[in-house]
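Q: Take this structure first; my questions come after.
The values are calculated or read from the model by the stated rules, or taken from the named source; none is laboratory data. Note that this is a predicted model, so its numbers are computed, not measured. Every residue, glycine among them, receives a Cβ derived from its backbone with ideal geometry; neighbour counts consider all protein chains shown. Protein only, heavy atoms only, side chains kept; ligands, DNA and RNA dropped before computing areas. Shrake-Rupley method; radii C 1.70, N 1.55, O 1.52, S 1.80 Å.
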Amino acid sequence: MTGNGVASIGECMLELSDQAGPNWRLGFAGDTFNTLWALHALSGDRPATYVSAFGDDPFSRDQIGFFAQNGIGVGASPIISGARPGLYAITLTGAERSFTYWRGDAAARQLASDPAALAKSIENQALVYFSGITLAILDGAARKTLLAAVAKARAAGSLVAFDPNYRPRLWRQREEAQAAILDALAVTDLALPTFPDEQMLFGDAAPQATAERLRKLVGEVVVKNGEEPALIAANGTLQQPVPAVHVAAPVDTTGAGDSFNGAYLAARLAGHAPTEAVLRAHRVAAAVVQVRGALAPFETLRAAFED
């Protein structure tokens, strides 16, 4: 019997966002945390857990404190003596962003260092979510530990969702990424790929090709494609494309796809059909690109979701 909580596994980093003049704003973000942020905002009273590994430095303590202030726990995630969070900086050209990373020795790379703690953090969850970036920051042995824990949670009744989220710079070889992502899809119930990523990694010619390929591996698939329509493959069939919401003057596209994922998962957990869930997720993503940074205020997310 699973509980009603949601857990997301990965790396939350320190985020420096470019402000006017020489000043920078410090926040906390990362793909799987961004998704959990939206999912938590839109899931009512469901307990939310961010599963990672943390340092014992002031920034790590502030990060965990920020989670707690917003109703997000860290389960049995280990605290690594002498470790610290990864860091990235966002620079914008118009609304389009570019990133600079400092994450080679981040504590999150040790999130599977204690298999028992990892398994405890994700047991009895209604939903377990992770991404290709979660896989990429781990070595081969740690990936196996992670996927074994996810498979065990799935066998016990948790719904497993996965976004392949391919980032070439995090992988030594394209073939390594392909193999790891296919292993992850084998323990996944619901996949949330982005077409340009899949085209780069697997050579898919069109979003329809991504949907057709993945529906043979996963029961439910939503292919995101920026401002283009999303494609749904569910119950063995490819459904009609669902148009995105056009934003004439986006402010910052950081976190849009992650927030789409969180909104889609919240809608599905609430019992909405896939098409309705995508419509809500598009509205949330459109709201997120109209604020700076990866994390939109909860009230902004909720207003878009319920609109």
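Q: For segment 48-69, enumerate the residues that are outside any helix (DSSP H, G or I), touching a residue at least 40 places away in the same chain (Cβ under 8 Å) and either touching a Lys or Arg at 6+ places or on another chain (Cβ under 9 Å) or aromatic (Phe, Trp, Tyr) (or both). Break it down stepwise before answering.
A: Restricting attention to segment 48-69, the residues satisfying the condition of being outside any helix (DSSP H, G or I) are 48-57.
Applying the additional criterion that residues be touching a residue at least 40 places away in the same chain (Cβ under 8 Å) yields 48-55.
Hits for segment 48-69 are 50, 53, 54, 55.
Every residue, every condition in (1) within 24 Å of residue 76 (Cβ to Cβ); (2) open to solvent by 60 Å² or more (accessible area, probe 1.4 Å); (3) not hydrophobic (A, V, I, L, M, F, W, C), yes or no:
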| position | (1), (2), (3) |
| --- | --- |
| 122 | yes, no, no |
| 165 | no, no, yes |
| 175 | no, yes, yes |
| 185 | no, no, no |
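Q: Which ones in segment 190-214 are in contact with a Phe, Trp or Tyr (Cβ under 6 Å, 6 or more places away or on another chain) and of a type in the set (Val, Ile, Thr)?
A: 210
Here is a yes/no grid of residues against (1) open to solvent by 50 Å² or more (accessible area, probe 1.4 Å); (2) touching an Asp or Glu at 6+ places or on another chain (Cβ under 9 Å):
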{"site": "222", "(1), (2)": "no, no"}
{"site": "242", "(1), (2)": "no, no"}
{"site": "245", "(1), (2)": "yes, yes"}
{"site": "254", "(1), (2)": "no, yes"}
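Q: If you go through segment 283-305, how many residues are within 25 Å of residue 7 (Cβ to Cβ), open to solvent by less than 40 Å² (accessible area, probe 1.4 Å) and in a helix (DSSP H, G or I)?
A: The qualifying residues number 8.
Q: So, in segment 261-272, exactly how many residues are open to solvent by 60 Å² or more (accessible area, probe 1.4 Å) and among the hydrophobic types (A, V, I, L, M, F, W, C)? Talk me through it step by step, then tell me what you get.
A: Pass one, segment 261-272, residues open to solvent by 60 Å² or more (accessible area, probe 1.4 Å): 268, 270-271.
Then drop every residue that is not among the hydrophobic types (A, V, I, L, M, F, W, C), which leaves 270.
Residues flagged as open to solvent by 60 Å² or more (accessible area, probe 1.4 Å) and among the hydrophobic types (A, V, I, L, M, F, W, C) within segment 261-272 amount to 1.
Q: Identify, by number, the condition in (1) surrounded by 16 or more Cβ atoms within 10 Å (Cβ to Cβ); (2) in a loop (DSSP other than H, G, I, E, B) that residue 45 doesn't meet.
A: (1)
Q: Looking only at segment 132-144, which residues are open to solvent by less than 70 Å² (accessible area, probe 1.4 Å) and not in a helix (DSSP H, G or I)?
A: Selection gives 137, 138.
Q: If I filter segment 119-131 for residues that are assigned to a loop (DSSP other than H, G, I, E, B) and of a type outside the set (Lys, Arg), do I get at least one hit?
A: Looking for residues that are assigned to a loop (DSSP other than H, G, I, E, B) and of a type outside the set (Lys, Arg), one finds at least one in segment 119-131, hence yes.
Q: While we're looking at this one, here's another question. When you scan segment 69-100, how many residues do you find that are of a type in the set (Gly, Ala, Ser), over 19 Å from the mean Cα position of the chain (by Cα) and open to solvent by 20 Å² or more (accessible area, probe 1.4 Å)?
A: 4
Q: Further question: So, in segment 195-220, exactly how many residues are in contact with a strand residue (DSSP E or B) (Cβ under 6 Å, 6 or more places away or on another chain) and open to solvent by less than 30 Å² (accessible area, probe 1.4 Å)?
A: 7
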